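The values are calculated or read from the model by the stated rules, or taken from the named source; none is laboratory data. Worth saying up front: this structure is predicted, and the values here are computed from it rather than measured. Cβ coordinates were reconstructed from backbone atoms using ideal geometry, including for glycine residues, and neighbour counts include every protein chain displayed. Surface areas here come from the heavy atoms of the whole protein model, side chains and all, with no ligands, DNA or RNA. Shrake-Rupley method; radii C 1.70, N 1.55, O 1.52, S 1.80 Å.
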Amino acid sequence: MSFKPISEIGEFGLIEQLSAIAAPTIKNAPGLVEGIGDDCAVYRTGGPTVQVATTDLLVEQVHFDLLTTPMHHLGSKAISVNVSDICAMNAEPRYALVSIAVPRNVPVEMIEELYRGMAHAASRYGVAIAGGDTSSSPSGLTISVTMTGETTQERLALRKGARPGEIICVTGTLGGSAAGLKVLLREKAMMLEQLRNNEPYNKDVMAELKEYTGAIRCHLLPEARHDTIRFFRDSNIVPTSMIDISDGLTSDLGHICRRSGVGAHIEEARIPVMPDARAIAEEFQEDALTWALSGGEDYQLLFTLPKGRYDDIAGNRDISVIGTITEAEEGLLLTDIYGMTIDLADTEGGFDHFRQ
Ligand code: ADP
Ligand code: MG
């Protein structure tokens, strides 16, 4: 028997293969509305509402670095990224189960601080932390949060449901998280260099970080767009499809297109790149648009609406219309600011855990 490295099929290829193995289990689940493939699983329990559930892992050295991540922020992020997936279904978050694997040498105070961050974020979103599991860990800290939410059949928004001619919308700004990470990694490298050279830590370096606060915040302390879900409810809007941007605009728009059986055409000039990200990209001689398209971890909502509902969102300055849904054959296209149209399938796309 030969063994295939996971990098050959990537994260999404692996999920697809595992999903095929799990498929027979779904046969005995008549209440399951959506299984693997959306931001949350969707199921009915007999009442008037539909339930949604999601889970997200934060692994030390994969998702965070303790040198650059305050515990309180990490706890808040662990809750927010799950609330973000619940919001992507147009649902209200309800309960969380929190599991942690902690190295033996980690002090109690650190985990308490992590929990204070979680409790603080959970209270703001109206989420109750209702259980979990605790283990020691031989290598690094791991946090796994599972969250449930609730909505109605009429308000439920899936990744599938986008139709040609509809408008593509995104909340907030993009690229901030990738820009913040860049700054933090440079800071870490400088700090380690000073330590190696036995130099005293230069406090001015931290002072200089002030101008990057916005982007660093995007990375360390993302907020789920719970406010947008409330706006949808108050304005009687139900997106025809929706996803939260965790992997990057290209990759996540790709998920909507694949699940809906459509294509998409977006315009660079309409993509709301975070101004701080532009400034940081200039300093690092990198491209802020690339961060917006494939940096990921911005946790904004990407959704589609019939053209006729444009007026409903036109007054919301926090929502940008970035393009139009097309027929599947058109693929995933981007027209740049010079009028050149490129196929996003030829670009790098978003984050994949197993690709090099
Ligand atoms: P998101 O970025 O919204 O959290 P992911 O890309 O992590 O979504 O996952 C895509 C889909 O695959 C989701 O429906 C998720 O529940 C499912 N999934 C991911 N990993 C596994 C796994 N190991 N077993 C079963 N389903 C999985
Ligand atoms: Mg998601």
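Output the residues belonging to the range 74-99 that are over 11 Å from G149 (Cα atoms), more than 15 Å from ligand 2 (Cβ to nearest atom) and buried (at least 22 other Cβ atoms within 10 Å of the Cβ).
Correct list: L74, G75, S76, V98.
What's the number of the condition A22 fails, among (1) touching a strand residue (DSSP E or B) at 6+ places or on another chain (Cβ under 8 Å); (2) closer than 27 Å to I229 by Cβ; (3) near ligand 1 (Cβ under 9 Å from one of its atoms)?
Checking A22 against (1) touching a strand residue (DSSP E or B) at 6+ places or on another chain (Cβ under 8 Å); (2) closer than 27 Å to I229 by Cβ; (3) near ligand 1 (Cβ under 9 Å from one of its atoms), the one that fails is (2).
Determine whether V81 is among the β-branched types (V, I, T) and either touching a Cys at 6+ places or on another chain (Cβ under 9 Å) or assigned to a strand (DSSP E or B) (or both).
No: the conditions fail for V81.
Kindly provide the set of residues from the range 23-70 that are part of a helix (DSSP H, G or I) and exposed (fewer than 11 other Cβ atoms within 10 Å of the Cβ), ordered by number. So that I can check it myself, show each step before the final result.
Restricting attention to the range 23-70, the residues satisfying the condition of being part of a helix (DSSP H, G or I) are 23-26.
Once the filter is applied, which keeps residues that are part of a helix (DSSP H, G or I) and exposed (fewer than 11 other Cβ atoms within 10 Å of the Cβ), the range 23-70 yields P24, T25.
Any chance the range 172-184 includes a residue that's of a type in the set (K, R) and in contact with a helix residue (DSSP H, G or I) (Cβ under 8 Å, 6 or more places away or on another chain)? Step through it out loud before you land on a result.
In the first step, residues of the range 172-184 are kept if they are of a type in the set (K, R); the result is 182.
If we keep only those that are in contact with a helix residue (DSSP H, G or I) (Cβ under 8 Å, 6 or more places away or on another chain) as well, we get 182.
Among the residues of the range 172-184, at least one is of a type in the set (K, R) and in contact with a helix residue (DSSP H, G or I) (Cβ under 8 Å, 6 or more places away or on another chain), which makes the answer yes.
So the check is Cβ under 6 Å with 6+ separation or different chains; which pairs have a first residue in the range 8-20 that's more than 12 Å from G35 (Cβ to Cβ) and a second one that's open to solvent by less than 40 Å² (accessible area, probe 1.4 Å) and not β-branched (V, I, T)?
G10/D352; E11/D352
For the range 244-302, which residues satisfy the criterion of being crowded, with 24+ Cβ neighbours inside 10 Å, more than 16 Å from ligand 1 (Cβ to nearest atom) and over 23 Å from I313 (Cβ atoms)?
The answer is A277, I280, A288, W291.
For the list (1) within 16 Å of ligand 1 (Cβ to nearest atom); (2) surrounded by fewer than 16 Cβ atoms within 10 Å (Cβ to Cβ); (3) under 17 Å from G140 (Cβ atoms), I need the number of the one condition that M110 fails.
Only one criterion in (1) within 16 Å of ligand 1 (Cβ to nearest atom); (2) surrounded by fewer than 16 Cβ atoms within 10 Å (Cβ to Cβ); (3) under 17 Å from G140 (Cβ atoms) is unmet by M110, namely (1).
Tell me, yes or no, whether the range 303-311 has at least one residue that is more than 22 Å from K160 (Cβ to Cβ), in contact with a helix residue (DSSP H, G or I) (Cβ under 9 Å, 6 or more places away or on another chain) and either free of Cβ contacts under 8 Å to residues at least 40 places away in the same chain or open to solvent by 80 Å² or more (accessible area, probe 1.4 Å) (or both).
Looking through the range 303-311, none of the residues is more than 22 Å from K160 (Cβ to Cβ), in contact with a helix residue (DSSP H, G or I) (Cβ under 9 Å, 6 or more places away or on another chain) and either free of Cβ contacts under 8 Å to residues at least 40 places away in the same chain or open to solvent by 80 Å² or more (accessible area, probe 1.4 Å) (or both).
Residues checked against (1) in contact with a Gly (Cβ under 6 Å, 6 or more places away or on another chain); (2) without any contact (Cβ under 8 Å) to a residue 24 or more places away in the chain; (3) farther than 14 Å from S76 by Cβ:
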site	(1), (2), (3)
P107	no, yes, yes
M110	no, no, yes
E113	no, no, no
G117	yes, no, no
A122	no, no, no
I129	no, no, no
T134	no, no, yes
P138	no, no, yes
I143	no, no, no
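Can you pull out the residues in the range 116-144 that are of a type outside the set (A, V, I, L, M, F, W, C) and surrounded by 18 or more Cβ atoms within 10 Å (Cβ to Cβ)?
G117, Y125, T142, S144
For A157, only one of the following conditions fails: (1) buried (at least 21 other Cβ atoms within 10 Å of the Cβ); (2) in contact with a His (Cβ under 8 Å, 6 or more places away or on another chain). What is its number?
Of the numbered conditions (1) buried (at least 21 other Cβ atoms within 10 Å of the Cβ); (2) in contact with a His (Cβ under 8 Å, 6 or more places away or on another chain), the odd one out for A157 is (2).
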